[in-house]
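The values are calculated or read from the model by the stated rules, or taken from the named source; none is laboratory data. None of the values given here were measured: they were computed from a predicted structure. Every residue, glycine among them, receives a Cβ derived from its backbone with ideal geometry; neighbour counts consider all protein chains shown. Surface areas here come from the heavy atoms of the whole protein model, side chains and all, with no ligands, DNA or RNA. Shrake-Rupley method; radii C 1.70, N 1.55, O 1.52, S 1.80 Å.
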Amino acid sequence: MDFDCVGEALRMRAFLFLAGMILFSLLLGTGVLGVLYGRESRKLHMADRLLAGFMAILGLAEAAHLVAVFLGRSFSDIVLLFVVGMAALSVFSAGVWIWLWTFGKERRVSSRKGAEVTPFVAGLFLVFALSVIYQIVTMTSGDSVYRTGDMMVETVESFLETDVIYLVNPLTGRAYEGGVPLRIRIIGLPSLYGMLCRIFGLDAVELVWRLMPLFTLLMSYLAFWLLARTFFAEKNDRRKRLLFMALVAVVFCVGNYLYGMDGFGLLCCGARGVTLRGAVFLPYAFGAALRHKWRLAGLCILAEVCVVWTLYGMGACLAVTLGMAALRMWRKSRVRSFPEIGEE
């Protein structure tokens, strides 16, 4: 066997997976935001489109997964259903894109100049870049002890091998004796990973342990970047934004030492639903609430439902959104003349 050829094929499939996820997220996010905000969605950041598109992919996978759970369809059937749904939503999103950018009002030409590169700015960027490189190397090299016997990988592999959903115990290879609780069966994250493995020709271990954590890391930084833009909305606050992102990157690196920390989740188990919730959905929901983009916060609430067990912490995004809404109502009733947070 030519291992060089095998390695090259794996790298090509990995590249296609990451590029495909980014492109489809961007396209689907344009359609989702167009439906939610109409032409006003043009004012939203590209990161909003990528995050909204990723949550749309999660929603499609969850819908296909529920078809298998409640209608008894095979895994191959829901892969086909997922592909058809992605194609239909892509065509719709392309139409929305044309409507927004061709027949809408002319976009304003940005006159912003690049930020002055000072030693301080260069140092911040170096800290951020080195931290991200360290995280990528940690995710892609070697096998973490924590990952050994990963139930997510074994569940995905059982879906791929048996062509059924939650009917065969991945640990024993036999049917479940007492069945699987509904609170577990309704979670569509393993089905999403299995469908992505089937579509891109990837191994479950490669997807769950390496590629999906890289994509989760990207989504997390996008969510925190939008948070930085909200905290420091003035044009001359770019240094503060970079400082914020550098601190976030360092915290992720340092937080790798303890189970339950966001850094540990990103670097050791980035494909888990609790990691997606803590590192992507929660900061995005918080930032969306600060910007008063409540529909985006609603997307985070729905996305969390798709990836976290119903009896294992579901509702964190809902709690954050309700808390921010209550805080806004209280502030408006107390100090009506106070400027809005996050207005740009």
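Express in whole angstrom the spacing between the alpha-carbon centres of the stretch 47-98 and the stretch 177-237.
Measuring centre to centre over Cα atoms gives 15 Å.
Which distance in nm do the two modelled labels at Ile136 and Phe70 give, with both placed 7 Å along the Cα-to-Cβ direction?
4.2 nm
Test of understanding: what is the full-extension gain from Met329 to Glu161, defined as 0.36 nm times their sequence separation minus their Cα-Cα distance?
So the extension gain works out to 55.2 nm.
At R0 = 45 Å, how high is the FRET efficiency between Ala87 and Phe120 if r is their beta carbon distance? Nearest 0.05 is fine.
On the way: r = 48 Å, r/R0 = 1.07.
Efficiency computed from Cβ-Cβ geometry: 0.40.
Ranked from highest to lowest mean number of other Cβ atoms within 10 Å per residue, what is the order of the peptides 207-213, 264-270? Walk me through the intermediate numbers first.
Numbers: 207-213: 24.4, 264-270: 22.4.
For the peptides 207-213, 264-270, the packing ranking is 207-213, 264-270.
On the full set of protein chains, 1.4 Å probe, figure out the accessible area of Ser74 and give it in Å² to the nearest 10.
Its accessible surface works out to 30 Å², give or take rounding.
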